[in-house]
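The values are calculated or read from the model by the stated rules, or taken from the named source; none is laboratory data. The model shown is predicted, which means the values in this text are computed figures rather than measured ones. Ideal geometry is used to build each Cβ from the backbone, glycine not excepted, and the neighbour counts take in all protein chains shown. For accessibility, only protein heavy atoms count, side chains too; no ligands or nucleic acids. Shrake-Rupley method; radii C 1.70, N 1.55, O 1.52, S 1.80 Å.
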Amino acid sequence: MTRTCQVVVTGGGQAGLAAGYHLRRQGLDFVILDAEAAPGGSWQHMWDSLHLFSPAQYSSLPGRLMPAQPGETYPGAGHVVDYLADYEKRYDLPVQHGTHVQAVRRDGDRLMVEADSGTWRARAVISATGTWSRPFLPAVPGRSVFAGRQLHTVNYRCPADFAGQRVIVVGGGNSGAQIAADLAIDGRAKVTWVTQRPPRFLPNDIDGRALFDVATARRRALDAGRDDTGGVASLGDIVAVSPVRAARDAGLLTAMPMFTRLTTDGVRWADGSGADADTVIWCTGFRPALSHLAPLDLRGPRGRIPTNGTCALGEPRLHLLGYGDWTGPASATLIGVGRTARDAVREVTGLLA
Ligand code: FAD
């Protein structure tokens, strides 16, 4: 069955909902197709102890402040899911859950969006499919010979799953530090934390609020033609959220350099030393989930689609939201995506006029 509407949004996580909010305000006819069976995007799949790195009021989508979570300065992932479910309902956003988009193709002056529930003909598409469904594992020698378990951040739930095991956590970003801290504080697993370069903790008083201010200042500097301030990367990689701080201050979060290879029973470093392991958890990031856009043939370097703001350079009817800073400063955060969604919808509205 083929249906028509002005705009199709692919993905109904926070980025898709922020787009929906602005599309609704513009009075456009749109639908949001989301592969998840329930609201909340990838927040539904985060590990049990995960908390935001910003307080609730600094983690809000346009129009509605996230309420504080009682007893928590930094809300848990479940609270974010509740907030997104409420947001979807409050603004009566037309989200079709359990709908996977397979392909977006050109068809004259329309884009055809092929989903497992049927096809949509649209004048514009906003892609907001996130990165969670594309975990990235680096090509390290011996990965295929290791006889233990290899997981990614997306598979981690709680320390109880690793009780009595020797676990290597790989990755010097927030996920790696938080999962290593979670396991180390629990104490039931023997944890070795491995990072490519020495971990760079942000100062204790810097959380998501400050990071957003820094990202905003950088954008303003660049827009005004001034020197690049370096953005948040110049400050450090790891937000010192309380479990990370606690583990670090207790001496439980000391990183080893990256090993050079895996063996059947563990890992080996360049100097010949090694560690046996039952499980390796790769906290090595994500790539943008863009395979549905492959028929448009827009891919640029590093698996991204080159954009001007949110608009795809090779296809003015396509906008990208979320994914990372390349689609707008802080576009892949709760507080930042509202601004890029507003800009994208403004451009789409202009295109349709
Ligand atoms: P997602 O939440 O992944 O939503 C994308 C949606 O698209 C999903 O529902 C998915 O099922 C769907 N989808 C994918 N492919 C298709 C398809 N082909 N067809 C249909 N639907 C599809 N940000 C903050 O602001 N504060 C934080 O504290 C914070 N902590 C984070 C901690 C971790 C561990 C991670 C990984 C990220 C964190 N982020 C944080 C960053 C960011 O806010 C989240 O990654 C957020 O989930 C991104 O939202 P999104 O809407 O872009 O993507």
Problem set entry | Pairs with Cβ under 6 Å, 6+ apart, first in the stretch 26-39 and assigned to a loop (DSSP other than H, G, I, E, B), second open to solvent by 40 Å² or more (accessible area, probe 1.4 Å) and away from the ligand (no atom under 14 Å from the Cβ) | Leu28/Gln6; Asp29/Gln6
For this session: Please work out which residue is farthest from Glu315 (Cα to Cα), limiting yourself to the stretch 118-142 and to residues that are part of a loop (DSSP other than H, G, I, E, B), touching a Leu at 6+ places or on another chain (Cβ under 8 Å) and within 13 Å of the ligand (Cβ to nearest atom).
Result: Thr129
For this session: Return the only residue of Val154, Val170 being open to solvent by 30 Å² or more (accessible area, probe 1.4 Å), under 22 Å from Ser42 (Cα atoms) and among the hydrophobic types (A, V, I, L, M, F, W, C).
Result: Val154
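Using the structure shown, decide if Arg346 is assigned to a helix (DSSP H, G or I), within 22 Å of Phe136 (Cα to Cα), open to solvent by 50 Å² or more (accessible area, probe 1.4 Å) and not assigned by TED's automatic domain parsing to the domain that holds Ser175.
Values: assigned to a helix (DSSP H, G or I): yes; within 22 Å of Phe136 (Cα to Cα): no; open to solvent by 50 Å² or more (accessible area, probe 1.4 Å): yes; not assigned by TED's automatic domain parsing to the domain that holds Ser175: yes.
When the stated conditions are applied, Arg346 does not pass them.
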Problem set entry | When residues of the stretch 94-117 are limited to those that are within 13 Å of the ligand (Cβ to nearest atom) and closer than 23 Å to Pro62 by Cβ, the one surrounded by the most Cβ atoms within 10 Å (Cβ to Cβ) | Val95
Exercise. Which of the residues that make up the stretch 266-308 are under 30 Å from Ala184 (Cα atoms), among the hydrophobic types (A, V, I, L, M, F, W, C) and open to solvent by 50 Å² or more (accessible area, probe 1.4 Å)?
Worked result: Ala270, Phe286
Exercise. Quick one: is Leu222 assigned to a helix (DSSP H, G or I), open to solvent by 50 Å² or more (accessible area, probe 1.4 Å) and of a type in the set (A, V, I, L, M, F, W, C)?
Worked result: yes
For this session: Considering each residue of the stretch 182-216, count those that are at pLDDT 95 or above and either within 13 Å of the ligand (Cβ to nearest atom) or hydroxyl-bearing (Ser, Thr, Tyr) (or both), and give that number.
Result: 3
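With the structure loaded, tell me whether Ala332 is at pLDDT below 95 and under 23 Å from Pro135 (Cβ atoms) or whether it fails that test. Reasoning before the result, please.
Details: at pLDDT below 95: yes; under 23 Å from Pro135 (Cβ atoms): yes.
Spelling it out, Ala332 is indeed at pLDDT below 95 and under 23 Å from Pro135 (Cβ atoms).
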